[in-house]
């Protein structure tokens, strides 16, 4: 794929460029699943708006131009994933990719059975799709437990996939809420020995971490690596059978087609973040280590997730006697944007199913995910205002001094 390297100056679909002179200063530390656009993603999007606006299924010149951009994007993403171009599909979103993988693979293997094996800390999209797929094919969703770091019990996982009637197994590459990596390679070996395809949700890892090629189906989230929202990635090895889980369409995995500019920008951004991933890994890992160490000094806090075998940019901690939503609001007033609980359940104000499955504190939770643009000053601001924010929330709840 070709693109220029000059930083764009015009405002466009991503909105105007940030005003770094604005006061007071803010630190955005909630990039998990929706990161600020990479500058090259923005540039590629604008280029594709001009060159790829037409329907890529049309045979005229404009349609063929759009098709070339889309084909180039698929080829670039496939290369980054270690897959063949024909194994990669674009979907409408990461969630759509997960739903299509679970429902499509289970439908294709319905003669084997309808059971779906999942880890207890998979994202809600996988858990809900597994329940629906199992119900459709008279099966059961089999949930494998995790330890206090959030890592699945690989021996229990192997026993579960070896049972008769299992159509599909699903295991995330790493947990986007607490950062813990999963034993994907060992799980894949167990699934292959049982003849069961393994879906790996790499939505939190691609673009940030090395993802093993131990997968049969893989879903990825371009918005997580600094590309536009509105496009997802589903890869399926040629040996895996899939049945589209919705009515017939010219594009069975993205009915109605996908946004060519979004797909093109996703591919360009993925190439860009892959080029500096090792450097960014070291930089952001050092920042997260500082956060974990400093936060652990605050009274009545639990820092969760594996301290070493984890994603480089994610940290989560929970405070006793603190309401998570109130703490997020207090930090926002102080100029720091963070997340709380599971990103897929926070809007419902439900406790995080991830933290609950780990057996750790589920309330008073703060989750940070550092973008490539995150600086040491941003982390300094968080660490400066966090103790006071915790104290104020506890005082408002009448539990200070306990």
Between segment 25-47 and segment 296-336, what is the C-alpha centre distance in whole Å?
23 Å
Multiply the residue separation of residue 293 and residue 238 by 0.36 nm, subtract the distance between their alpha-carbon atoms, and state the gained length in nm to one decimal.
15.3 nm
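Would you work out the relative contact order for the chain, in percent, from Cα pairs under 8 angstrom that are 6 or more residues apart?
21 percent
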Plugging the Cβ-Cβ distance of residue 162 and residue 308 into 1/(1 + (r/R0)^6) at R0 = 30 Å yields, to the nearest 0.05, a FRET efficiency of 0.50
Cα→Cβ-extended label distance, 7 Å offset, between residue 111 and residue 333, nm
6.4 nm
Applying the gyration tensor rule to the Cα atoms of segment 42-274 (axes a ≥ b ≥ c; rounded if a/c under 1.5, else prolate if a/b exceeds b/c, else oblate), the class is prolate
Mean separation of Cα pairs under 8 Å and 6+ residues apart, divided by the residue count of segment 37-104: what relative contact order is that in percent?
16 percent
Please state the shape class of segment 25-119: rounded when a/c is under 1.5, otherwise prolate if a/b exceeds b/c and oblate if not, all from the C-alpha gyration tensor.
oblate
Rounded to the nearest 5, what is the percent of antiparallel bridges among the DSSP beta bridges in the chain?
60 percent
Cα shape, the chain, gyration tensor, a/c 1.5 rule
oblate
Between the modelled labels at residue 249 and residue 25 (7 Å from Cα along Cα→Cβ) the distance in nm is 4.5 nm
Which of 250, 160, 66 ends up with the largest GNM mean-square fluctuation for the chain, with Cα atoms connected below 10 Å?
250
If we count other beta carbons within 10 Å of each Cβ, what is the order of 111, 58, fewest first?
111, 58
Mind giving me the FRET efficiency for residue 193 and residue 136? R0 is 22 Å, r the Cβ-Cβ distance, nearest 0.05 is fine.
0.25
Segment 42-274: relative contact order from alpha carbon pairs under 8 Å, six or more residues apart, as a whole percent, is 26 percent
Give me 213, 132, 30 sorted ascending by neighbouring Cβ count inside 10 Å, so fewest comes first.
213, 132, 30
Order of 259, 131, 138, 352 - criterion: other Cβ atoms within 10 Å of each residue's Cβ, fewest first
138, 131, 259, 352
Among 124, 105, 278, which one shows the highest mean-square fluctuation when the chain is modelled as a Gaussian network with alpha-carbon springs under 10 Å?
278
Between residue 395 and residue 147, how high is the FRET efficiency from 1/(1 + (r/R0)^6) when r is the Cβ-Cβ distance and R₀ = 30 Å? Nearest 0.05.
0.30
Residue 281 versus residue 75, label points 7 Å from Cα toward the beta carbon: distance in nm?
2.8 nm
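Rule-based calculations on the coordinates, nothing more; no lab input. Remember, it's a predicted structure, so these values are computed and weren't measured experimentally. Because the Cβ atoms are built from the backbone with ideal geometry, glycine has one as well, and the counts that use them run over all protein chains shown.
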